[in-house]
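A short write-up of the structure that comes next.
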Amino acid sequence: MKTITAYIAFIAICASVYAEELNITALHSNGALTWSNRVSNAQYRVEWATTPTNPWQTNAPVFDILSTSNVTSIDVPMYYRVVWVDAPPVRYKTLSDIIPIMNGLSIDLNGDGIGDSGFYSVVYTIPEGGINDQIVTVSGDEIINTPFSYGMMIDSNLTWEPSPQYSAGLPFASRTDLFGSFQSGPWGGITNAYLPVSFLITTNRHYGWIRIEEYEYSMGGEPEYFATNLRLTECAYQSIPDQGILAGQTE
């Protein structure tokens, strides 16, 4: 009797509500599936499908088959994914973005490739007076340009404004010294606060925050010259639609 063995190419893919945290790292020929996550205490579910677009299954494949034909076909696992079952509702990540002197900056809170909050900076120069005014605006699907303190609630009860139709956004901050502190606007003189964010994931409304702080950096020189700017250090959003989040909440 001749034994015929069919080798199936198993492809492992990752599925998570926050994909950058959960990653499949290996699917060995001995059947061992390995993945990593930023947390060490979590609940998972392994699912399989015959193609990435077919329904994902959790039941084991059936291999005890009674056939009444000389040709028999059955769907067998080809793709695997790991689902983080008890993932926390608040999605948090660190940032390292600087408010630009000129140009725009887009922040994607949920990692879907769509900017959820944006900043636009322009410099107005008056050569006769040697004046350089930097004006920064903030934009988004719905906007609040007020700095929030830690623990303040961000939800649908706030007075959100739609993105202006004929401008780059709402006033954020401005300064006359391109290397000094921002002096005017809602964020003028602010050294550490949270910007509320409201955005859509498909058709669902989500709320989040971006932490922004003033920092000082060296411009070099002799004697050494220091400049000041605003930078975005971290952000988070509530993954449950229409549910609020506290400014600074991370879990």
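The values are calculated or read from the model by the stated rules, or taken from the named source; none is laboratory data. Everything numeric in this text was worked out from a predicted model, so none of it was measured. Heads up, the Cβs are rebuilt from the backbone with ideal geometry, glycines too, and the neighbour counts pull from every protein chain shown.
Miscellaneous remarks
- Here is the figure for the stretch 162-192: residues that are within 22 Å of the chain's Cα centre (by Cα) and surrounded by fewer than 17 Cβ atoms within 10 Å (Cβ to Cβ) total 3.
- Summed over the stretch 57-103, residues that are hydrophobic (A, V, I, L, M, F, W, C), surrounded by 10 or more Cβ atoms within 10 Å (Cβ to Cβ) and more than 26 Å from the chain's Cα centre (by Cα) total 3.
- Here the condition is being over 15 Å from E142 (Cα atoms), polar (S, T, N, Q) and assigned to a strand (DSSP E or B); of S174, S198, it holds for S174 alone.
- Check on S117, exposed (fewer than 15 other Cβ atoms within 10 Å of the Cβ) and among the small types (G, A, S): no
- Among the residues here, L178 does not qualify as closer than 20 Å to Q249 by Cα and touching a residue at least 40 places away in the same chain (Cβ under 8 Å).
- Apart from one condition, F179 fits all of (1) within 22 Å of V136 (Cβ to Cβ); (2) of a type in the set (A, V, I, L, M, F, W, C); (3) modelled with pLDDT of 95 or more; the exception is (3).
- Number of the exception - L200 against (1) of a type in the set (A, V, I, L, M); (2) over 25 Å from S239 (Cα atoms); (3) out of contact with any strand residue (DSSP E or B) (no Cβ under 6 Å at 6 or more places or on another chain): (2)
- For the stretch 126-172, a residue qualifies if it is touching a residue at least 40 places away in the same chain (Cβ under 8 Å) and charged (D, E, K, R), and the qualifying residues are D133, D141, E142, D155.
- Taking the numbered list (1) at pLDDT 95 or above; (2) within 25 Å of M219 (Cα to Cα) in turn, M152 passes all entries but (2).
- Within the stretch 230-249, the set of residues being closer than 27 Å to Y120 by Cα and modelled with pLDDT under 95 comprises just one member, S239.
- Residues of the stretch 201-248 classified as touching a Gly at 6+ places or on another chain (Cβ under 8 Å) and either buried (at least 20 other Cβ atoms within 10 Å of the Cβ) or assigned to a loop (DSSP other than H, G, I, E, B) (or both), total: 10
- Filter result (at pLDDT 65 or above, surrounded by 15 or more Cβ atoms within 10 Å (Cβ to Cβ) and in a loop (DSSP other than H, G, I, E, B)) within the stretch 2-41: E21, L22, N37
- Residue within the stretch 103-125 that is without any contact (Cβ under 8 Å) to a residue 24 or more places away in the chain and among the aromatic types (F, W, Y) present: yes
- Criterion applied to D141, D155, D97, D108 was being among the acidic types (D, E) and closer than 30 Å to R45 by Cβ, and the one residue passing it is D108.
- Search result, residues across the stretch 63-88 that are β-branched (V, I, T) and in a strand (DSSP E or B): V82, V83
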